[in-house]
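Report on the structure given below.
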Amino acid sequence: MGTMLILIGLFDLLFGATITALTINLAEIAGELESKSALISIGSGLSQFSGGLISLGNTAEAAAAKAVLGDLPPIWLSMILAIGRVILSLAAIGLGIMLARRMRTALSPLKKWSVLAVAWGAITILTTIAIYRFIGEVTGGLAAFVTVLFDLGLHIVWPACVFMRVRQKSP
């Protein structure tokens, strides 16, 4: 089980780091849009008033991007969830190394980790439902379904299985 914890922890670490990087990029885009929100509103208003004859820059694209960002969870929440995922992944790797070295002292922290990982996974999934909807709208229902299954498996089912296994092994 230690080797599996290490491997899945490394995979989840990569996943968490990717989500963190994407969140940072979204924050930059949101900052750009916020700083130019007055110009976007003016450009959009002029375009609507003129029936599309006057178009200032890419106001339609900027308005669409602003709408998409408004549908997604707040950037600060996404960042907290991603950083929490990275911390849980690092803990899984450390506990996996301890198990691989046959250290029985890892069993108690592993139980606590698995409960925390299931709770964190449930919170993450519930707060990012808008992202699944967005994926479904952009790429189709199958991609959103696969993403939901992936999230459930990695962040709920796997830690729950670890908990059940550790509970059987510990006195």
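Side notes on the structure shown:
- When Ile135, Ile156, Ile125 are screened for being free of Cβ contacts under 8 Å to residues at least 40 places away in the same chain, among the aliphatic types (A, V, I, L, M) and under 30 Å from Met103 (Cβ atoms), only Ile156 passes.
- Pairs are defined by a Cβ separation below 9 Å, a sequence spacing of at least 6 or placement on different chains, a first member in segment 77-88 that is in contact (Cβ under 8 Å) with a residue 24 or more places away in the chain and farther than 10 Å from Ile123 by Cβ, and a second member that is aliphatic (A, V, I, L, M) and crowded, with 21+ Cβ neighbours inside 10 Å; the pairs so defined are Leu88/Ala117.
- Segment 91-101, residues that are more than 19 Å from Trp120 (Cβ to Cβ) and either free of Cβ contacts under 8 Å to residues at least 60 places away in the same chain or part of a helix (DSSP H, G or I) (or both): Ile97, Met98, Leu99, Ala100
- The C-beta contact set for segment 1-23 (first residue modelled with pLDDT of 90 or more and outside any helix (DSSP H, G or I), second residue surrounded by 18 or more Cβ atoms within 10 Å (Cβ to Cβ) and among the aromatic types (Phe, Trp, Tyr), distance under 9 angstrom, 6+ apart or interchain) is empty.
- Leading residue by the ranking (nearest to the chain's Cα centre (by Cα)) among those in segment 149-171 that are aromatic (Phe, Trp, Tyr) and at pLDDT 90 or above: Trp158
- Single condition Ala119 does not satisfy, out of (1) outside any helix (DSSP H, G or I); (2) within 23 Å of the chain's Cα centre (by Cα): (1)
- Scanning segment 103-122 for residues that are among the charged types (D, E, K, R) and without any contact (Cβ under 8 Å) to a residue 24 or more places away in the chain turns up Arg104, Lys112.
The values are calculated or read from the model by the stated rules, or taken from the named source; none is laboratory data. Since the model is a prediction, treat every value here as computed from it, not as a measurement. Ideal geometry is used to build each Cβ from the backbone, glycine not excepted, and the neighbour counts take in all protein chains shown.
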